[in-house]
Amino acid sequence: MTEIEAKFIIRRPEQVDDVLRVLADNGFSAEERGSATHVDCYFDTEDWSILAANWACRVRRRNGERKLTLKSLHGPDGHVFAREEISQPATSDRDEPPFSLPPGPVRERLGNKIADKPVVELFRVTSERTVYAVTGAGLRPVEVELDLDRSRIDAEKKTEKATGILEFSELELELVSGEIADLDAIATLLRDNAGLMPANFSKFERGLQAAGLEIDSLIENPRAMTLVEDDPVLSLLYQYLAEQLQIIQRQHPRALEGIDPEGVHQMRVASRRMRAILKAFRSILGDEAVLRFNAELRWLAQNLGRARDADVTERGARNTEETEAGHYERFLERETISAYEHLVDILKSERCSTLEDDLLQFVGAGPTDGMQAQFGRLSIAACADQFIHAALDKLLAHGDAITADSPARQLHILRIKTKRFRYLLDFFSAVQAEKWFEMTEALKRLQDILGAHQDAVTARAQLADYTASLANDTEGHDKLAATARLMQAESERIAASRQQFDTAWSDFKSILI
């Protein structure tokens, strides 16, 4: 069978009421049919054979029953996902990994080459689902099942920065009777009148993201050409810019959804890396291109940063031991939602689209004849020694000027400089990994301390702004007491990171001797 559905992200609880109101105002009836919880366990073979065949495989457990299902991995066409779905009952003694797929339509569809391999569990998605039956009368009656899912994904983290857990609310509209155009019309109605954000990914794709995995990296892709130290630096430059642009484009829909904070983080880092390398190679790439792209990438990174910083501050407050600061957590949650909604406007803007298109054209064109004539023989090795030592001298001068009395702003500037220097090391490490490894590792430790310092400074400033907004009454005084304890904790974090900085800076300098 073919499952036809439209999916939206629910950011605010009141959006569900907005959906029901918009449907009623436009002649649709929506009847609640009850709620239930189901658990989806997703599987694949060790070598990702099912994914490579463009399928997702799961066992759904609901009301004591188990169902084995294959779903094709097709992205949305407009607002609508149209995916092939094949299901069969799952026997209770064969749904714990590793197991071989039992006989039936799922096994037949995959073919013996895949179905004979044992499968292992990837992650689990637990969803509390409320179901509504939506009907509309007219020239062409339509019936839709509207499902509100409050979901949690639990995945084993495969990378250090993976979240492992994702929690989100999603609205699914599945066509029961009618035409695809009918479902698309309802989806457009809800998008435009209830302020809904269309979903860009399936739960399977989000599960991979929670684990720190991406489909592109799991399925074999053409590799970038291997470069050596004697190759022209122009080859490395354009290859690197192409890689960072690819990350920006790939993470764009993930950042739009805002469910997995890594989407925003990776897109932001890629834009910063690109900007840093463009500026570093300004003498080669030319003033006009570098100045133009530098301004636009800075604009993009700043807006991504607003959402990223809000998310980091919220998670920090959520992990605090202060039990009476729930009011502040709710305030930060609203601030984060607002920041992500602003980011949606940025990422959907013509300015953002133009930036990505212009970068694609610039990188795709490759070095000009003039660049080739002037810099075509400049090797990666020669360029690395020249660029890295010049940047290192500037970094050392700024770091050595920091004292115990230096304002937080000075440490923040050093943090920015260490990031840019790290991006330069990473650039050349693509070819000279061993040469710059020790320096890179020491720089990472320094960055962690400077990052913790800046996070605490930001959190304390946010607390100060929140405190200033509290009412001068009994309730406000109670809230003030809780936030004062949070501010004290952030002040202690700032002091601790300042102490750690001196040691980290000395350690970094020691490897240069």
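Some observations on this one:
- Modelled this way, with points 7 Å down the Cα-to-C-beta line, the labels at residue 445 and residue 413 are 2.7 nm from one another.
- For the stretch 28-41, Karplus couplings with θ = phi - 60° (6.51, -1.76, 1.60), whole Hz, Gly/Pro x: 9, 9, 10, 10, 5, 10, x, 10, 7, 10, 10, 10, 9, 9
- C-alpha long axis of helix 326-347 to longest principal axis of the chain, angle in °: 90
- For the stretch 497-513, the residues whose backbone nitrogen is under 20 Å from a point 7 Å from the Cα of residue 400, taken along Cα to Cβ, are 501-513.
- Using a Förster distance of 30 Å, the FRET efficiency for residue 287-residue 191 (Cβ separation, nearest 0.05): 0.10
- Computed from Cα positions, the angle between helix 233-257 and the longest principal axis of the chain comes to roughly 40 degrees.
- Relative contact order for the stretch 355-492, counting Cα pairs under 8 Å that sit 6 or more residues apart, in percent: 18
- Straight-distance candidates among the lysines for linking to residue 67, with alpha-carbon spacing under 19 Å and chain neighbours fewer than 8 residues away dropped: 203.
- For the stretch 380-433 versus the stretch 200-255, the gap between their alpha-carbon centres in whole angstrom: 25
- Within a straight-line Cα-Cα reach of under 19 Å, residue 113 can be paired with the following lysines, leaving aside sequence neighbours fewer than 8 residues apart in one chain: 71.
- Kirkwood radius and radius of gyration were both taken over the C-alpha atoms of the chain, and their ratio Rg/Rh is 1.00.
- Straight-distance candidates among the lysines for linking to residue 417, with alpha-carbon spacing under 25 Å and chain neighbours fewer than 8 residues away dropped: 161, 279, 394, 435, 444, 509.
- Computed from backbone phi with θ = phi - 60° and the Karplus coefficients 6.51, -1.76 and 1.60, the 3J(HN,Hα) list for the stretch 65-71 is 9, 10, 10, 8, 9, 9, 10 Hz; x is used for glycine and proline.
- Kirkwood hydrodynamic radius of the stretch 233-510, from inverse mean 1/r over distinct Cα pairs, in Å: 20.8
- Sorting 33-44, 272-283 by their mean Cβ neighbour count within 10 Å, with the most densely packed peptide first, gives 272-283, 33-44.
- Simple rule: put +1 on each Lys or Arg Cβ and -1 on each Asp or Glu Cβ in the chain, find the dipole, and look at 505, 114, 424; the Cα lying farthest toward the positive end is 505.
Here, each number is a calculation from the coordinates, and none is a lab measurement. Owing to the predicted nature of the structure, the values given are computational and were not obtained by experimental measurement. No Cβ is skipped: glycine too gets one built from the backbone with ideal geometry, and neighbour counts run over all protein chains shown.
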